[in-house]
1. If the cut-off is a Cα-Cα distance under 27 Å, which lysines reach LYS60, setting aside same-chain residues fewer than 8 apart in sequence?
2. Just to verify a number: FRET efficiency for LEU78 and VAL7, C-beta to C-beta distance, R0 = 30 Å, to 0.05?
3. Take every Cα pair under 8 Å in the chain that's 6+ residues apart, average their separations, divide by the length, and report that relative contact order as a whole percent.
4. What order, most packed first, do the peptides 52-59, 66-73, 4-11, 18-25 have when packing is the mean number of other Cβ atoms within 10 Å of each residue?
5. Can you find, among VAL54, SER39, VAL25, the residue sitting farthest towards the positive end of the charge dipole of segment 9-78, where Lys and Arg contribute +1 and Asp and Glu -1 at Cβ?
6. Report which label in (i) 3, 14, 26, 26, 14, 8, 5, 3, 1; (ii) 3, 15, 21, 19, 16, 12, 7, 4, 2, 0; (iii) 3, 19, 24, 24, 16, 9, 4, 1 holds the value of P(r) over Cα pairs in 5 Å bins from 0, in percent derived from the coordinates of this structure.
7. Residue separation times 0.36 nm, minus the C-alpha to C-alpha distance between LYS26 and CYS58: what's the value?
8. Given the rule -39500 (n - 2.57) for each run of at least 4 DSSP H residues, summed and divided by the residues of the chain, what is its mean residue ellipticity at 222 nm, to the nearest 500 deg cm²/dmol?
Amino acid sequence: MQSKFFVSVKEKEKIFCTELVKHGVKYETAIKAARILASGQPDELLTVDEIIIVKEACEKWSVQKKRIKRLKSLIEDLA
């Protein structure tokens with residue numbers, strides 16, 4: 001589904017970087033991964049190093065996001 005709103009590459013970088021850092025990815029890694037993600041390039045055009053940076057950052061983000069979700073659920077159950 002196409003979005004009706006235009007989001008610049010710079011704004012996408014900020015959004016990705018904020019989310020990655022918020023969920024425990026180191027700032028320097030988050031900046032690199034955010035630039036790669038915001039570029040929108042297909043995997044075929046990325047270097048092996050770029051793919052590794054994004055994969056590791058996204059895995060860390062996913063693990064921490066799931067952890068936070070579980071903790072919130074536990075807190076709600078205790079309340």
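1. Within reach: LYS10, LYS12, LYS14, LYS22, LYS26, LYS32, LYS69, LYS72.
2. Approximately 0.20, to the nearest 0.05.
3. 31
4. Those peptides, ordered most packed to least, come out 18-25, 52-59, 66-73, 4-11.
5. VAL25
6. Given (i) 3, 14, 26, 26, 14, 8, 5, 3, 1; (ii) 3, 15, 21, 19, 16, 12, 7, 4, 2, 0; (iii) 3, 19, 24, 24, 16, 9, 4, 1, the calculated one carries the label (ii).
7. Computed gain between LYS26 and CYS58 is 10.4 nm.
8. Result for the chain: -25000 deg cm²/dmol, rounded to the nearest 500.
Coordinate-derived values only; no laboratory data. Worth saying up front: this structure is predicted, and the values here are computed from it rather than measured. Note: ideal-geometry Cβ built from the backbone for every residue, glycine included; neighbour counts use all protein chains shown.
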